[in-house]
Amino acid sequence: MRIARLALRDFGRLRETTLDFGRGLNVVYGPNDLGKSTLGKAIRAALLLPVTSSHAEAWVPWDRDARPHVELTLQLEEGRVWRITKTFARDARGTSLLESSADGLTFTVEARGREVDQRLRDELRWGIARPGGKGGTRGMPESFLAKVLLGEQTETDAILARGVGGDGTEEGRALLTDALEAFAQDPIFKAILDAAQREVDAAFTARGKAKRGKHAPRTPLVEARNAAKGALEEAERAWWEAEAVERELGAARSRWQAAEAARRAAAAAKEAAE
C-alpha cells in the first residue's frame, strides 16, 4: 500500500492543499511553519481518527466557520485504489466515506460513517481496536505500527520505547511476524541471517548459555580479560609497594635531617667551648 494523493481543506493552518505522491521516496521541504507537519497529521487523521472525535477540534480554523476536511487516496498492492474522505465535526456535519476503484477514475462506495474506520483497521492490521470496541480510545488511536509508520518528528523516544504489547489487538504482532517471515526468504537477508545464526550457535548452547571450553568463541576473550585483570592487580600491588617505599624514604630523610641538625649543633657548641 502506498499513498497516492492527499487533498486538504480547512485543516489547521492549511486552507486548501493537494499533493500527488510518486512511487518511492517523496520529500516535502520548506521553511518552518509552512504546514509540513500538518500534512502528516492529516494522513493520520484520515487513516485512524473517527470524524466525531474531539481530537479533531485542534485543527478547526479559528478565523472562519469551516470543518477540517481531508481526502486520502491509497494505491493497494493488488491494483485496487481506495479513496478515504472525511469531514471532522462532532455533529451531523461530520462525514466519512470509503470508496474503491479499479482504474482510479470510477469509484464505488464501500462504506460510510463508522464502518469506514472499521474497514480501514481491518485492512491495515496495525493492532488498533475497532471503533467503540474493547481497548478503543477516545482520542487518536495508537499502536506500535501506527507510531512507527506515522510517528511525529518529536516522538522518536516514544516510538523506540513502545512495543506491540501495548496494542489493542494482536493484529500488529501477527502482521510483523508475517512480514519478517517473508523477508527472511530473501536470499541476501537469508544469507546474513544464516551467518548470524552460525555465530550464535558457535557461541551459545541451545538453552542460551555461553559455551565453555578451549574452542569456544568466547574463550580467547575470557583469557584476555583474565590476563588483563591479573596485570591490573599486579600493577596495583607494585603501586602500593612503591607508595610504601616512598613513605619509608620520607621517614628516613626526616631522620637524616634531624641527625644532621643535631650534628651541626654539637659541632657549633664544641667550637664555642674551645
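The values are calculated or read from the model by the stated rules, or taken from the named source; none is laboratory data. From a predicted model like this one, the values you see are computed outputs, not experimental measurements. All Cβ positions, glycine included, derive from the backbone under ideal geometry; neighbour counts span all protein chains shown. These accessible areas exclude ligands, DNA and RNA; they are computed on the full protein's heavy atoms, side chains included. Shrake-Rupley method; radii C 1.70, N 1.55, O 1.52, S 1.80 Å.
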Original post:
Considering only protein heavy atoms, what is the solvent-accessible area of Arg13 at a probe of 1.4 Å, reported in Å² to the nearest 10?
Top reply: 150 Å²
**OP:** Note the angle between two axes, namely the Cα long axis of helix 187-203 and the longest principal axis of the Cα atoms of the chain, as a number of degrees from 0 to 90, rounded to the nearest 10.
**Re:** 30 degrees
**OP:** Whenever you get a sec, line up Trp256, Trp239, Trp126 from highest to lowest accessible area (probe 1.4 Å, protein heavy atoms).
**Re:** Trp256, Trp239, Trp126
**OP:** Among Trp82, Asn26, Ala268, flag the residue with its Cα farthest along the positive direction of the charge dipole of the chain, charges on Cβ as +1 for Lys/Arg and -1 for Asp/Glu.
**Re:** Trp82
Original post:
What's the angle, to the nearest 10 degrees (0 to 90), between helix 114-124's Cα axis and the longest principal axis of the chain?
Top reply: 50 degrees
Subject >> Pair Leu232, Leu160: separation of 7 Å Cα→Cβ label points (nm) >> reply: 2.8 nm
Original post:
Among 91-97, 232-238, 218-224, 268-274, how do they line up from the highest to the lowest mean number of other beta-carbon atoms within 10 Å?
Top reply: 91-97, 218-224, 232-238, 268-274
**OP:** Mind pulling up the Rg/Rh value for the stretch 167-214? Radius of gyration and Kirkwood radius, both on Cα.
**Re:** 1.18
**OP:** Calculate the dipole size of the chain relative to its Cα centre from +1 charges on Lys and Arg beta carbons and -1 charges on Asp and Glu beta carbons; express the result in debye to the nearest 20.
**Re:** 360 debye
Subject >> Reciprocal of mean inverse Cα separation for the chain (Kirkwood radius, Å) >> reply: 25.4 Å
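Quick one: divide the alpha-carbon radius of gyration of the stretch 1-61 by 2.2 N^0.38 Å and tell me what you get. Let's see the in-between values first.
On the way: Rg = 12.2 Å, N = 61, 2.2 N^0.38 = 10.5 Å.
Computed over Cα atoms of the stretch 1-61, the ratio equals 1.16.
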Subject >> Contact order normalised by residue count of the chain, Cα under 8 Å, 6+ apart, percent >> reply: 11 percent
**OP:** Measure nothing but the geometry: give the 0 to 90° angle between the long axis through the Cα atoms of 171-183 and the longest principal axis through the Cα atoms of the chain, rounded to 10°.
**Re:** 70 degrees
Subject >> the stretch 46-125: radius of gyration and largest Cα-Cα distance (Dmax), Å >> reply: 13.4, 43
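Once you have a ≥ b ≥ c as the square roots of the Cα gyration tensor eigenvalues for the stretch 121-274, tell me rounded if a/c is under 1.5, and otherwise prolate or oblate according to whether a/b is larger than b/c. Could the numbers behind the result be given before it?
Working: a/c = 6.49, a/b = 2.66, b/c = 2.45.
The shape class here is prolate.
Sort 44-55, 185-196 for me by packing, meaning the mean count of neighbouring Cβ atoms within 10 Å per residue, highest on top.
44-55, 185-196
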Subject >> Where Rh is the Kirkwood radius over Cα pairs, Rg/Rh for the stretch 79-192 >> reply: 1.04
